[in-house]
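Trainee: Sending over a structure as structure tokens; questions will come in a sec.
The values are calculated or read from the model by the stated rules, or taken from the named source; none is laboratory data. Keep in mind that what you see is a predicted model, and the values were worked out from it rather than measured. As a convention, Cβ positions derive from the backbone with ideal geometry for all residues, glycine included, and neighbour counts pool all protein chains shown.
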């Protein structure tokens, strides 16, 4: 995952806005994790950082378009990304409990220039949060036939999908009449 460090000492007292349109922020993790995503419209992020005494206030927005597999039929589901986020990232301190988590957003910059924020990691996390849990190619997607696997959006397949639970076989012939 590419690293994009911003030194906290370089954030003015009134805060500063940053733009991130580097494709590597998104493309490298997609390739690294072998995710079946395709960027359709470039992903960009606008982020405002405001340094505080014990951390950094982060307000941002990620926009773009991505294609992911539909949860029902596995065809492309095109997702418009317009995700706004707010977070507060704590500065590491001597009194904080060491959780052994080396995946923090704020830490010492690799060049030894002081504390910094690793924006690539923060933006990737926010991007993942912006994706729907069950993406669909269309709200009426019919999915795949559970027997033969045909995409039912293209038409019926002719399989007998009226399978019954064998545990309820004794009740199949039961007739209920109203009195």
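Per-residue answers, yes or no, for (1) within 21 Å of the chain's Cα centre (by Cα); (2) more than 13 Å from residue 123 (Cβ to Cβ); (3) exposed (fewer than 13 other Cβ atoms within 10 Å of the Cβ); (4) in contact (Cβ under 8 Å) with a residue 40 or more places away in the chain:
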{"residue": "4", "(1), (2), (3), (4)": "yes, no, no, yes"}
{"residue": "8", "(1), (2), (3), (4)": "no, yes, no, yes"}
{"residue": "13", "(1), (2), (3), (4)": "no, yes, yes, no"}
{"residue": "16", "(1), (2), (3), (4)": "no, yes, no, no"}
{"residue": "20", "(1), (2), (3), (4)": "yes, no, no, yes"}
{"residue": "31", "(1), (2), (3), (4)": "yes, yes, yes, no"}
{"residue": "55", "(1), (2), (3), (4)": "no, yes, no, yes"}
{"residue": "63", "(1), (2), (3), (4)": "yes, no, no, no"}
{"residue": "69", "(1), (2), (3), (4)": "yes, yes, no, yes"}
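Trainee: All but one of (1) out of contact with any helix residue (DSSP H, G or I) (no Cβ under 7 Å at 6 or more places or on another chain); (2) touching a residue at least 40 places away in the same chain (Cβ under 8 Å); (3) surrounded by 12 or more Cβ atoms within 10 Å (Cβ to Cβ) hold for residue 38, so report the exception by its number.
Mentor: Failed condition: (2).
Trainee: Now for a different question. Out of (1) in contact with a strand residue (DSSP E or B) (Cβ under 7 Å, 6 or more places away or on another chain); (2) assigned to a loop (DSSP other than H, G, I, E, B), what's the single condition that is false for residue 173?
Mentor: (1)
Trainee: Here are 101, 111, 95, 82: which of them is closer than 30 Å to residue 10 by Cβ, out of contact with any helix residue (DSSP H, G or I) (no Cβ under 6 Å at 6 or more places or on another chain), surrounded by fewer than 12 Cβ atoms within 10 Å (Cβ to Cβ) and at pLDDT 90 or above?
Mentor: 82
Trainee: How many residues does the range 129-150 hold that are outside any loop (DSSP other than H, G, I, E, B), at pLDDT 95 or above and surrounded by 11 or more Cβ atoms within 10 Å (Cβ to Cβ)?
Mentor: 1
Trainee: Assuming residue 14 fulfils every condition listed in (1) over 16 Å from residue 128 (Cβ atoms); (2) part of a strand (DSSP E or B) apart from one, which condition is it?
Mentor: (2)
Trainee: Also: When both residues are 6+ apart or on different chains and their Cβ atoms are under 9 Å apart, which pairs have a first residue that lies in the range 112-125 and is farther than 21 Å from residue 64 by Cα, and a second that is in a loop (DSSP other than H, G, I, E, B) and modelled with pLDDT of 90 or more?
Mentor: If the second residue must be in a loop (DSSP other than H, G, I, E, B) and modelled with pLDDT of 90 or more, the pairs left are 117/11.
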